[in-house]
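All remarks here apply to the structure that follows.
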Amino acid sequence: MIKQILNRLPRKPSKSSDSRDSVTGPTPPSSSSSISSRNGDLQAGRITNLSNQIPPGSSPGINQLNKYAPAVNSRPNGNYVVPVYEALPSFKDVTSSEKQSLFMRKLDLCCVVFDFTDPAKNLKEKDVKRQTLLELVDYVTSASGKFPENVMQETTKMVSINLFRNLTIPPREHMVLEKIDADEEDPVMDPAWPHLQIVYEFFLRFVASPETDAKLAKRYIDHSFVLKLLDLLDSEDPREREYLKTILHRIYEKHNGIAELLEILGSVISGFALPLKEEHKLFLVRALIPLHKPRCIAMYHQQLSYCITQFIEKDCKLADTVIRGLLKYWPITNSSKEVMFLGELEEILEATQPADFQRCMVPLFRQIARCLNSSHFQVAERALFLWNNDHIENLIKQNSKVILPIIFPALEKNTKSHWNQAVQSLTLNVRKIFTDHDPDLVSECLKKFEEDEAKDKEIRSKGEATWKRLEEIAASKAASRESAIDPRTIPHQVLSV
């Protein structure tokens, strides 16, 4: 499903796609993916203690006198042969001019993939690779100066070889659900995680590094590459899915692929099984809803809105969470963004059930009341268009005794003083809907509005009177000070000066 959607998206030619495919081989197609989320971003020091976790019986295998020879020979059956695999010199042991070349050689060294199904196999070589990967992480973290194109190419090559693999565990949807309760299953941990984790951490820091040029990186972290990352979301290991979520977020954040990725995620979300997992709900709250905050939301708002509504259609109880999230990021001075929010709000309310609507209607219609009184006619007009939706109108009518007192002052002010004629006409139509539905309630609201207006007028009059009296007192005191100065009382010495 994901590949069908991506095939409809525009592709840019990639310099590395052919070479990368020749190295990694074909990637098996995936079915519906699951996305894991967690609280906060990955910390910078996540793997600082990994270097102390050396498997028992292994040795560092450091031999700086040996140079790296081609380590991978492909047999007809597809297995790897590792004739020579020994560590390269440390970055501390070479000059600054030689570090980039050494970095490339270490990347090449890490292109060898070991078999972790046998814990006792290739212990020395596995530890050499692990130490080398840790050095690569440190190098990328402390890099100064933009990464050149050849580094980008070799980096994506190494990451592709290590990550893009046949998943050994079939996706859960292919299992017999009658025999297996997925919610009670223990998570399956990938035995190769001691290497995979560091590769993921390396790639995450590479993507997020300020030394990674986004335009240059797009040639290698391209359409095909992202598709293969999404295929890995079929992994049964929750740690891997967690890294993938963060890396994909960093990619679309830095490389402006948000709209395309959200379009893919929309199809993934539509395939989520019910009931929704907690990690899926956390993804909505911590990843999707905060995307309403950036100023550039217009670039991807349509796709984001689709993802949000897919969640609500899956679980209508999420409507309250989503609406409160919208209110949290509601724009104050950006009118075009307000119009987009109101459009999305209509789609959300259309999928909202009465019980969920009641939980958020008070703060929601306080915001709608502010929109009704907006001096920008498109904002006020779009807010009034909500009553054109039959489902939303019925929700409002069912709770009119709560909603009308909140928005009635805004309706009255629009009919009397809004500068736009279309807004005035739409406001009269909305008021007529309430009048036809419950004329007594409208009369009560009108009476209260007039009483409040009279009180406000009285308070303003008292304030103006008080201010006028203060001005008179100040003027009187100033005049008395001037009259109190008599030249005859001033000493002769001062006058002579």
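Test I297 against the stated conditions and say whether it is part of a helix (DSSP H, G or I), farther than 17 Å from E201 by Cα and open to solvent by less than 20 Å² (accessible area, probe 1.4 Å). Taking the combined requirement at face value, the residue satisfies it. Filtering L229, L261, L274 for residues that are out of contact with any Pro (no Cβ under 6 Å at 6 or more places or on another chain), assigned to a helix (DSSP H, G or I), outside the structural domain of E154 (by the TED database) and touching a residue at least 12 places away in the same chain (Cβ under 8 Å) leaves a single hit, L261.
Tell me the residue from E260, E278 that is under 18 Å from the mean Cα position of the chain (by Cα), under 27 Å from M158 (Cβ atoms) and open to solvent by 40 Å² or more (accessible area, probe 1.4 Å), please.
Values: E278 fails: under 27 Å from M158 (Cβ atoms).
Going through E260, E278 in turn, the sole match is E260.
For the range 203-217, the set of residues classified as over 12 Å from L163 (Cα atoms) and modelled with pLDDT of 85 or more consists of L204, R205, F206, V207, A208, S209, P210, E211, T212, D213, L216, A217, listed by residue number. Taking the listed residues W419, W467, the one that is among the aromatic types (F, W, Y) and over 26 Å from R382 (Cβ atoms) is W467, with no other qualifying. Within the range 429-463, the set of residues being in contact with a helix residue (DSSP H, G or I) (Cβ under 8 Å, 6 or more places away or on another chain) and open to solvent by less than 70 Å² (accessible area, probe 1.4 Å) comprises V430, R431, I433, F434, T435, D438, L441, V442, C445, L446, F449, D452. Considered as a group, the residues in the range 240-257 that are open to solvent by 20 Å² or more (accessible area, probe 1.4 Å) and at pLDDT 85 or above include one that is farthest from I297 (Cα to Cα), and that residue is E242. A residue that is touching a Cys at 6+ places or on another chain (Cβ under 9 Å) and within 23 Å of Y220 (Cβ to Cβ) occurs nowhere in the range 89-101. Scanning the range 82-113 for residues that are open to solvent by less than 20 Å² (accessible area, probe 1.4 Å) and within 21 Å of T156 (Cβ to Cβ) yields L88, L102, F103, K106, L107, L109, C110, C111, V112. Candidates D138, D183: the one that is open to solvent by 20 Å² or more (accessible area, probe 1.4 Å), charged (D, E, K, R), assigned to a helix (DSSP H, G or I) and modelled with pLDDT under 90 is D183.
Checking each residue in the range 422-441 for being closer than 18 Å to E381 by Cα and β-branched (V, I, T) picks out V423, T427, V430, I433. You will find that of V285, V226, the residue that is within 27 Å of H195 (Cα to Cα) and either at pLDDT below 85 or open to solvent by 20 Å² or more (accessible area, probe 1.4 Å) (or both) is V226 and no other.
When the range 114-135 is filtered for residues that are surrounded by 17 or more Cβ atoms within 10 Å (Cβ to Cβ) and either among the charged types (D, E, K, R) or in contact with a helix residue (DSSP H, G or I) (Cβ under 6 Å, 6 or more places away or on another chain) (or both), the ones remaining, listed by number, are F114, E125, K126, D127, K129, R130, T132, L133, L134, E135. Checking each residue in the range 205-216 for being surrounded by fewer than 21 Cβ atoms within 10 Å (Cβ to Cβ) and in contact (Cβ under 8 Å) with a residue 12 or more places away in the chain picks out A208, S209, E211, D213, A214, L216.
Please verify whether the range 464-476 includes one or more residues that are in a helix (DSSP H, G or I), more than 22 Å from C371 (Cβ to Cβ), modelled with pLDDT of 80 or more and open to solvent by less than 50 Å² (accessible area, probe 1.4 Å). No, the range 464-476 contains no residue that is in a helix (DSSP H, G or I), more than 22 Å from C371 (Cβ to Cβ), modelled with pLDDT of 80 or more and open to solvent by less than 50 Å² (accessible area, probe 1.4 Å).
The values are calculated or read from the model by the stated rules, or taken from the named source; none is laboratory data. Predicted model only: the values in this text are computed from it and were never measured. All Cβ positions, even for glycine, are placed from backbone atoms using ideal geometry, and neighbour counts span all protein chains on display. We work out accessible area using only protein heavy atoms, side chains counted, and drop any ligands, DNA or RNA first. Shrake-Rupley method; radii C 1.70, N 1.55, O 1.52, S 1.80 Å.
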